[in-house]
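Scroll down for the structure; my scribbles are underneath it.
Read the figures in this text as sums done on the coordinates, not as results from a lab. Predicted model, so just to flag it, every value in this text is computed and none were measured. Methodologically, a virtual Cβ is constructed for each residue, glycine included, from the backbone with ideal geometry; neighbour enumeration extends over all protein chains shown.
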Amino acid sequence: MYTSTLFFMRSAALLLCCGLLLASCSRKVHSTGSTETPGHGKVYTESGKASYYAEQFNGRKTANGEIFNMNQLTAAHRTLPFNTLVKVTNKTNGKSVQVRINDRGPFVKGRIIDVSKEAARQLGMLGAGVADVQLSYRK
């Protein structure tokens, strides 16, 4: 009787550990949807708030080791791989720009991307500083 109880407890503990290990390996997906494009793979979309960063970071190293240039079309995203090309569309005015991910951020709750000053200018969000946007990208 004692041996079967011990076996059951060890089996339950092993299953629990395996479940926790698998759960910790999973990555939360931020995309709000995807569509299949023939010959090109899935296009993922994500919606939320964008902000921009400029003068105070200009000339500093980005997370991928490049020097940040506020006049280039680059952006910071928390999880997308470096050099991913992302189409950012301002939902308010319909303006779009393609940026390249070269940094990590934003670190403000509720924001999904920080774009360079030039990207913000092309999106028409310099005055407001923050805009509702939709991101489109391929993984």
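In the structure shown, do any of Lys91/Lys139; Lys61/Lys117; Lys95/Lys117 have a Cα-Cα gap over 20 Å, and if so which?
Correct reply: Lys91/Lys139.
Give, rounded to the nearest 20 debye, the magnitude of the charge dipole that the range 38-139 has about its Cα centre when Lys and Arg contribute +1 at Cβ and Asp and Glu contribute -1 at Cβ.
In total the dipole reaches around 240 debye.
Could you go through the range 75-88 in sequence order and give the Karplus-derived ³J(HN,Hα) for each residue, using 6.51 cos²θ - 1.76 cosθ + 1.60 with θ = phi - 60°, rounded to whole Hz, and x for Gly and Pro?
Once rounded to whole Hz, the list reads 7, 10, 9, 5, 10, 5, x, 4, 6, 5, 8, 10, 8, 10.
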